Amino acid sequence: MAEATGWLLDVYAEEDGITLWLLTDDDKRLRLRMEFVVTFYAAGDFSLLRQAWIYLKQKDVRLERTIRRDLFLGERDVMAVTTSDPANIHKLFGDLQRQFPALDYYDADIPITLRFIAQSNVHLLGRCRVILDGEWVQTIEPLSSPWGIDPTPIPLRILTLTPDCNPAIRKPRQLHVKYNQREYSLSLDSPRAFLISLKADLQRLDPDLILTDYGDTWLLPQLIQWSEETGIELNLNRDRERHVLTRKANSYFAYGQVTFRGAQAHLFGRWHIDRKNAMSFGEYGLEGAMEQARVTGIGVQEMARKSPGAGITAMQMLTAQRNNTMVPVQKQQVEGKKTLAELIRADHGGLIYQPIIGLHGNVAQIDFSSMYPAIMVKHNISPETVGRTTKGVSTSVGQDDAPEGLIPKALRPLLEKRLMLKNILSDLDPRDCRVETLKARAAALKWLLVVCFGYLGYKNARFGKIESHEAVTAMSRELMLQAKEVAEDMGFTVLHMYVDCLFVQQAGFHKPSDFTQLMNAIEEKTGIPIALEGVFKWVAFLASKRDARVPVPNQYFGAFQDGSLKYRGIELRRRDTTLWVRKIQLKALESLAHANTPREFADRVPEVMKLVEDAKRDLRMGRVPLGELVIRQRLSRTIEAYKTPSPAAHAARQLQAHGRQFAPGQSLEFLFARNAIGVHAWELDEMLDLGKLDTKRYCRLMDRAMQTIFDPILSHMFTWRLF
Amino acid sequence: MGRTLVTITQLLNETEANLSAFRRTLRRSDQYIFDGLFAAARRHIAAIGQAESLLPFESALLAMLLEQSKEIAVLEQKVEELIKKNSG
């Protein structure tokens with residue numbers, strides 16, 4: 001018997017158990033095998049269960065009648081189906097479900113990583129000790145917890161592969177290779193020579209992670225094709241028995257927009273992450289993806305490409321498994337009956353208190369920290385604790401005295417870990433080398449917390465129930481009103497409230513410490529932690545562009561006392577604003593950030609006007625690089641479905657004529673041009689003649705962005721002249 | 001996710017659209033004032049929502065009145081200031 005310790009990199013199913021990959025303390029990569037049985041359950045009509053039992057007896061499974069807990073129905077008499085072939089559980093379950101669709105099924109689609117974690121308590125990327133008999137694991141024990149604040153860094157070997165251009169636009173000629181501090185390029189002119197070089201590099205470096213740009217959509221499929229064409233065998237997996245796992249591209253509708261997800265290429269024994277196809281990689285990078293994998297139990301390759309919602313679902317499944325609660329295959333809970341009056345009372349979102357339009361001096365922004373998850377944990381809001389009818393009365397909020405619900409149980413450690421990371425970050429010097437990593441990890445956890453509330457009300461969430469979703473927003477509105485009342489009792493004016501933050505002001509209050517008493521009072525009253533985002537020297541709340549008398553929530557810009565800027569909802573934040581407009585709007589705000597008061601803001605207006613005029617002159621003189629004028633817009637439907645084509649649809653049609661295909665959710669880049677259709681697709685091989693650039697349209701975009709900045713001060717200038 | 005009932009913002013938009021013939025018949029100068037009434041209601045969307053009324057437009061009318069009263073109070077204060085300034 002041998003013993004090894006190290007980090008668990010990956011787990012996947014096999015026909016006779018599971019494969020584990022361990023990065024050992026002596027820098028070895030071990031492929032280990034482990035016997036592992038998986039069980040799923042069926043419940044329902046007894047005669048149907050009996051028929052299902054007879055059907056399954058012909059298969060290589062173990063059957064048992066047992067009692068298991070359903071989160072909503074309590075203890076259920078179920079048939080347990082156990083197989084020692086985890087790789088084929090989906091087929092086994094699929095066949096059974098087709099034969100007996102009327103039965104309720106549980107635990108049938110739980111990812112193998114979650115089953116393994118629930119059973120062994122060893123988490124992905126965590127440290128563990130294994131006792132081995134050859135390659136077979138006899139015992140495995142955890143040496144770390146996913147909730148540890150300071151995990152031991154994993155000495156990963158990372159190979160980065162980047163083509164010299166976007167393959168969707170033009171054919172790459174070279175592939176840049178980076179490993180540690182070494183960088184070089186491989187020519188793509190001869191696939192044979194290229195494959196031989198790359199294969200040698202892979203064997204020599206044996207990376208744990210292949211980090212690519214366009215690896216999913218171009219590089220890996222291209223490598224496979226070249227390998228087949230040239231006959232040069234190239235297995236990108238570390239596990240030689242496996243092929244690259246590919247998944248098709250798809251478009252889906254979420255959060256009010258159509259999103260395109262490119263094809264995927266997953267590896268076995270090492271990871272492949274395509275930075276261009278990883279959902280939030282730009283936001284929190286590899287450290288964030290690894291943090292999410294650590295706490296959710298979903299493999300790094302999957303987690304990097306999936307939405308945080310998938311991570312939250314996984315955490316709920318894991319919590320359910322650990323608490324002997326079955327995970328239903330399909331959502332069972334539907335919205336309860338309500339009278340119209342009850343519906344009107346319940347069907348609200350967060351509290352949005354319209355801002356007072358204009359420019360305001362010395363304003364503090366106070367935020368509730370992770371408000372919604374904190375409410376769920378503090379008030380025990382979970383689908384099984386909310387909306388129950390007690391003595392004929394439906395409880396609209398969580399039952400504080402009930403046992404802790406599944407959702408609070410899953411969220412509590414996550415919430416605590418994020419708060420701890422934030423506290424550590426606030427104590428660190430910004431130049432500390434740990435700051436970037438900690439920020440990425442905190443951001444990754446934040447995204448999990450952000451979506452956990454939405455998943456309470458999401459129609460397909462296994463453990464979702466709209467009443468629990470409503471209970472959270474009801475509680476949040478109550479807490480915001482309590483905070484407002486506390487602030488007003490202490491003499492503050494509440495300028496704006498937006499779901500979980502307040503903007504308050506009081507004459508003579510301008511230092512952060514001036515607001516400490518208020519924050520303490522709000523925290524004491526609501527029981528939810530709050531934090532001071534900062535004190536603005538000035539902040540502008542904006543009016544609707546359609547009617548200057550109507551305020552628009554969550555559209556503002558302001559300068560904190562240290563001169564840093566904060567802006568929301570303005571052109572600078574929008575993805576479809578050109579870089580040129582964004583750069584000038586930012587420069588304008590940076591200039592205004594030197595102003596300490598609204599009056600000083602007004603004094604700086606001429607300087608900003610000059611900046612804008614110079615920028616427009618540069619545009620007309622052709623001195624603005626075309627790349628800064630590119631507009632990026634998303635296709636919301638297929639090109640043929642547009643009755644009145646948007647500029648993006650026009651650009652797509654231009655490219656379609658050159659053989660490009662587009663799916664809904666894909667983004668397009670174009671320039672506004674003086675031609676019949678008004679646009680010029682950026683990807684077209686022929687460059688736009690500078691004389692054809694629609695400068696007037698770009699100037700209008702600039703004027704609109706500047707109007708956003710100047711509007712709030714105009715009303716003040718008018719008032720100052722009058723009084 | 002998603003709401004079953006229309007939001008207060010949607011409701012005000014719909015009501016305003018339903019009154020478009022009424023608005024069209026007003027003089028241009030009155031149309032501006034009419035739009036102002038809806039702008040006043042939109043400043044209190046949170047309060048109208050919180051009222052949880054079966055007829056939210058009743059609360060919207062109250063919000064319009066509230067803004068008018070506020071404007072009157074502000075103007076009264078300014079008149080007083082001007083009187084004081086002139087008499088001093």
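The values are calculated or read from the model by the stated rules, or taken from the named source; none is laboratory data. Predicted model, so just to flag it, every value in this text is computed and none were measured. Every residue, glycine among them, receives a Cβ derived from its backbone with ideal geometry; neighbour counts consider all protein chains shown.
If I go through the stretch A:444-464 residue by residue, how many of them are outside any helix (DSSP H, G or I), buried (at least 23 other Cβ atoms within 10 Å of the Cβ) and within 12 Å of chain B (Cβ to nearest Cβ)?
Within the stretch A:444-464, the first condition is being outside any helix (DSSP H, G or I), and the residues that meet it are A:458-464.
Applying the additional criterion that residues be buried (at least 23 other Cβ atoms within 10 Å of the Cβ) yields A:463.
Checking which are within 12 Å of chain B (Cβ to nearest Cβ) leaves us with none.
Of the residues in the stretch A:444-464, 0 are outside any helix (DSSP H, G or I), buried (at least 23 other Cβ atoms within 10 Å of the Cβ) and within 12 Å of chain B (Cβ to nearest Cβ).
Any idea how many residues of the stretch A:222-248 are assigned to a loop (DSSP other than H, G, I, E, B), touching a residue at least 24 places away in the same chain (Cβ under 8 Å) and within 27 Å of residue A:261 (Cα to Cα)?
Of the residues in that region, 7 qualify.
Out of (1) away from chain B (no Cβ under 14 Å); (2) in contact (Cβ under 8 Å) with a residue 24 or more places away in the chain, the odd one out for residue A:548 is which?
Of the numbered conditions (1) away from chain B (no Cβ under 14 Å); (2) in contact (Cβ under 8 Å) with a residue 24 or more places away in the chain, the odd one out for residue A:548 is (1).
Name the residue that is farthest from residue A:516 (Cα to Cα), counting only residues in the stretch A:332-374 that are more than 9 Å from chain B (Cβ to nearest Cβ) and polar (S, T, N, Q).
Looking at residues that are more than 9 Å from chain B (Cβ to nearest Cβ) and polar (S, T, N, Q), I get A:332.
Quick check: anything in the stretch B:57-78 closer than 30 Å to residue A:471 by Cα, surrounded by 12 or more Cβ atoms within 10 Å (Cβ to Cβ), within 13 Å of chain A (Cβ to nearest Cβ) and in contact with a strand residue (DSSP E or B) (Cβ under 7 Å, 6 or more places away or on another chain)?
no
On the given criteria, is residue A:532 assigned to a strand (DSSP E or B), surrounded by fewer than 20 Cβ atoms within 10 Å (Cβ to Cβ) and either at negative phi or within 14 Å of another protein chain (Cβ to nearest Cβ) (or both)?
yes
Please state which one of A:590, A:607, A:640 is in a helix (DSSP H, G or I), at pLDDT below 90 and surrounded by fewer than 16 Cβ atoms within 10 Å (Cβ to Cβ).
A:640
Confirm whether residue B:40 is touching a residue at least 12 places away in the same chain (Cβ under 8 Å) and touching an Asp or Glu at 6+ places or on another chain (Cβ under 8 Å).
When the stated conditions are applied, residue B:40 passes them.
With the requirement that a residue be over 19 Å from residue A:169 (Cβ atoms) and surrounded by fewer than 20 Cβ atoms within 10 Å (Cβ to Cβ), what does the stretch A:643-679 give you?
Within the stretch A:643-679, A:643, A:644, A:645, A:646, A:664, A:674, A:675, A:676, A:677, A:678 qualify.
Restricting to the stretch B:16-56, and then to whatever is of a type in the set (Ser, Thr, Tyr) and over 16 Å from the mean Cα position of the chain (by Cα), can you tell me which residue is farthest from the other protein chains (Cβ to nearest Cβ)?
That would be B:25.
Filter the stretch B:1-15 for residues that are touching a residue at least 12 places away in the same chain (Cβ under 8 Å) and more than 11 Å from chain A (Cβ to nearest Cβ); which is farthest from residue A:456 (Cα to Cα)? Quick ask: steps written out before the conclusion?
Within the stretch B:1-15, the first condition is being touching a residue at least 12 places away in the same chain (Cβ under 8 Å), and the residues that meet it are B:7-9, B:11-12, B:15.
Okay, now just the ones that are also more than 11 Å from chain A (Cβ to nearest Cβ), so B:11, B:15.
Numbers: B:11: 26, B:15: 32 Å.
Here the residue is B:15.
Look at the stretch A:583-609 and say how many of its residues are in contact (Cβ under 8 Å) with a residue 24 or more places away in the chain and within 23 Å of residue A:631 (Cα to Cα).
6
Out of the stretch A:295-352, which residues are assigned to a helix (DSSP H, G or I), of a type in the set (S, T, N, Q) and within 14 Å of residue A:110 (Cα to Cα)?
Listed by number, the residues that qualify are A:296, A:313, A:316, A:319, A:321.
Conditions tested, residue by residue: (1) within 14 Å of chain B (Cβ to nearest Cβ); (2) in contact with a helix residue (DSSP H, G or I) (Cβ under 6 Å, 6 or more places away or on another chain); (3) surrounded by 15 or more Cβ atoms within 10 Å (Cβ to Cβ); (4) modelled with pLDDT of 95 or more.
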| residue | (1), (2), (3), (4) |
| --- | --- |
| A:681 | no, yes, yes, no |
| A:686 | no, no, no, no |
| A:689 | no, no, no, no |
| A:702 | no, yes, yes, yes |
| A:707 | no, no, no, no |
| A:720 | no, no, no, no |
